[in-house]
Amino acid sequence: MKLTAEQRVERTHVQLMQDPDFCLFSGVFMIGKVEISDVMPTACTNGRDVIYGRAFVESLNNKELAFLVLHEAMHKAYRHLMVWQKIAKENPMLANLAMDYVINLQLVDYNKPDIIQMPRDKEGNLMGALDEKYRGMDTKQVFDLLKQETKDEPSDGSGGNEPGSGSPQPGQQDRKSKCLDDHDWENAQEMTEEEKKGLSDEVDRALREGAMLAGRMKGNLSKEINELLHPKVDWKEALREFIKTTMMGNDNSTWRRPHKRYIGMNIVMPSYRSAKIGRIVVGIDTSGSIGSSELSQFLGEVKSICNEVQPDGIDLLYWDSHVAKHEAYNGNEIETLVETTKPAGGGGTEPECVPQYMKKEALTPQCTVMLTDGFFYGGGCGDWSGVDSPVLWCVKGNKSFVPSVGKSVYVEV
């Protein structure tokens, strides 16, 4: 029995969700609407919804259709139609082509010809943009090179080399034919800022959940997806922002520390300080990957931040497969934390021992910070359902780590 285009696309989604590498995009497939059109020549997305041309789907074999479905999913994963609207206004065709060059190289790099293959026409020519010279570039870099190429091409005097003017020149027509799909910039631009923010958050959640699934299935995350999930940030600033945001309330105002936001406007306003600043739990992975220099720098940062927010105290937990040591620092004792602490442990790595210990000892911190390499037995963070405080994972050496609870920041010492 011959499947319809709708059934083939749905089946392709299911098959890719079952693959260890491509299950990463499982949640992304589910974002927005998927439609089959009798008039769409190839495929099209506005960054949220995807439309497939019926005739085009029917012309592809199963592996080529899988390539196309992943191609559209990657447009959504990279938020292409939100991020690159500026260059699309300048030249939408070149923007389309630049995005496709970036995506197609990454899909080919998966090197899984038994699952996906780049579509070919009846003559056996590749359908889509693929060129090694763009390796390692982002969409804007490729766009700039393509734009320079159009300037260098001879014109017939009709203005055909300018976007939207005259008939397309041979070079332009050739580039347009390399676009595997189309992109609905107009629909994307009509989204409100609230809609864009909601879509971006939904994509982020879908990718992080997909990364956890890929981890359980022993799949590989590409370098580009890893960077998408772990944008490069200053871990010290991220740690500082996390602790200050969760620890500093606004119960009482004080004129002793003028509000920094208004100082630049020559307006003196009181800052706010919580009268109920609790404790911090800091969990240190002592399974072997965290050296003394990293530990000293990390604890030094924690101490410095605590001097600003002045919590009731710090509960320092050294853990491997269990909590090997619990050091409690109160008030002024935090000043000597780096000098007096004595790490313990060195066994396996099971982070679930931390929330278990916190529950047993009735530790109810205002926030919890975990320093680890992110390599755990079983691959997961365990059950943290009994911990009500926000959790930040400061991860050293494992950029593929995605926590099942809380947020993460990659630590470079």
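In this structure, does Val302 turn out to be modelled with pLDDT under 90, β-branched (Val, Ile, Thr) and out of contact with any strand residue (DSSP E or B) (no Cβ under 7 Å at 6 or more places or on another chain)? Before you say what the answer is, go through the steps one by one.
Details: modelled with pLDDT under 90: yes; β-branched (Val, Ile, Thr): yes; out of contact with any strand residue (DSSP E or B) (no Cβ under 7 Å at 6 or more places or on another chain): no.
No: the conditions fail for Val302.
Answer with yes or no whether Ala73 is in a helix (DSSP H, G or I), within 20 Å of Met191 (Cβ to Cβ) and assigned by TED's automatic domain parsing to the domain that holds Gly210.
On the way: in a helix (DSSP H, G or I): yes; within 20 Å of Met191 (Cβ to Cβ): yes; assigned by TED's automatic domain parsing to the domain that holds Gly210: yes.
Yes: the conditions hold for Ala73.
Could you figure out which of (1) surrounded by fewer than 16 Cβ atoms within 10 Å (Cβ to Cβ); (2) assigned to a strand (DSSP E or B) isn't true of Tyr52?
Condition not satisfied by Tyr52: (1).
For region 371-395, give me the residue count where each residue is of a type outside the set (A, V, I, L, M), closer than 24 Å to Gln310 by Cβ and part of a loop (DSSP other than H, G, I, E, B).
Taking region 371-395 and keeping what is of a type outside the set (A, V, I, L, M), we get 372-386, 388-390, 393-394.
Going one step further and asking which of them are closer than 24 Å to Gln310 by Cβ, we end up with 388-390, 394.
Add one more test, that the residue is part of a loop (DSSP other than H, G, I, E, B), and what stays is 388-390.
Here the count works out to 3.
In region 292-327, what count of residues is obtained for those that are touching a residue at least 40 places away in the same chain (Cβ under 8 Å) and of a type in the set (Asp, Glu)?
4
Those residues that are surrounded by 17 or more Cβ atoms within 10 Å (Cβ to Cβ) and at pLDDT 85 or above, I need them from region 339-355; list them, please.
Just the residues of region 339-355 that are surrounded by 17 or more Cβ atoms within 10 Å (Cβ to Cβ), to begin with: 341, 345, 349-355.
Passing the criteria: Thr341, Glu350, Pro351, Glu352, Cys353, Val354, Pro355.
In region 175-222, what residues are farther than 22 Å from Phe22 by Cβ and part of a loop (DSSP other than H, G, I, E, B)?
Lys178, Cys179, Asp184, Glu190, Met191, Thr192
For Arg208, only one of the following conditions fails: (1) at pLDDT 90 or above; (2) touching a helix residue (DSSP H, G or I) at 6+ places or on another chain (Cβ under 9 Å); (3) closer than 30 Å to Pro403 by Cα. What is its number?
Single failed check for Arg208: (1).
Give the residues of region 342-359 that are out of contact with any strand residue (DSSP E or B) (no Cβ under 6 Å at 6 or more places or on another chain) and within 22 Å of Leu392 (Cβ to Cβ), sorted by residue number.
First pass over region 342-359, keeping only residues out of contact with any strand residue (DSSP E or B) (no Cβ under 6 Å at 6 or more places or on another chain): 342, 346-352, 355-356, 358-359.
Scanning region 342-359 gives Thr349, Glu350, Pro351, Glu352, Pro355, Gln356, Met358, Lys359.
Is it true that Ala66 is assigned to a helix (DSSP H, G or I), among the aliphatic types (A, V, I, L, M), farther than 27 Å from Asp144 by Cβ and at pLDDT 95 or above?
Numbers: assigned to a helix (DSSP H, G or I): yes; among the aliphatic types (A, V, I, L, M): yes; farther than 27 Å from Asp144 by Cβ: yes; at pLDDT 95 or above: yes.
Considered against the rule, which asks whether it is assigned to a helix (DSSP H, G or I), among the aliphatic types (A, V, I, L, M), farther than 27 Å from Asp144 by Cβ and at pLDDT 95 or above, Ala66 comes out as yes.
Residues that are of a type outside the set (Phe, Trp, Tyr), in contact with a strand residue (DSSP E or B) (Cβ under 7 Å, 6 or more places away or on another chain), assigned by TED's automatic domain parsing to the domain that holds Pro113 and not in a helix (DSSP H, G or I): does region 5-26 have at least one?
Within region 5-26, not a single residue is of a type outside the set (Phe, Trp, Tyr), in contact with a strand residue (DSSP E or B) (Cβ under 7 Å, 6 or more places away or on another chain), assigned by TED's automatic domain parsing to the domain that holds Pro113 and not in a helix (DSSP H, G or I).
Of the residues Thr341, Thr349, which is more than 22 Å from Cys381 (Cβ to Cβ) and in contact with an Asp or Glu (Cβ under 9 Å, 6 or more places away or on another chain)?
Values: Thr349 fails: more than 22 Å from Cys381 (Cβ to Cβ).
Among Thr341, Thr349, only Thr341 is more than 22 Å from Cys381 (Cβ to Cβ) and in contact with an Asp or Glu (Cβ under 9 Å, 6 or more places away or on another chain).
Restricting to region 201-242, count the residues that are over 11 Å from the mean Cα position of the chain (by Cα) and aliphatic (A, V, I, L, M).
Result for region 201-242: 8.
Among the numbered criteria (1) modelled with pLDDT of 90 or more; (2) crowded, with 18+ Cβ neighbours inside 10 Å; (3) polar (S, T, N, Q); (4) outside any strand (DSSP E or B), which one does Thr368 miss?
All conditions are met except number (4).
Only one of Gly171, Gly164, Gly160, Gly124 is more than 26 Å from the chain's Cα centre (by Cα), outside any strand (DSSP E or B), at pLDDT below 70 and on the phi > 0 side of the Ramachandran plot. Can you tell me which?
Details: Gly171 fails: on the phi > 0 side of the Ramachandran plot; Gly160 fails: on the phi > 0 side of the Ramachandran plot; Gly124 fails: at pLDDT below 70.
On inspection, the qualifying residue turns out to be Gly164.
The values are calculated or read from the model by the stated rules, or taken from the named source; none is laboratory data. Remember, predicted model here, so these are calculated numbers, not experimental data. Heads up, the Cβs are rebuilt from the backbone with ideal geometry, glycines too, and the neighbour counts pull from every protein chain shown.
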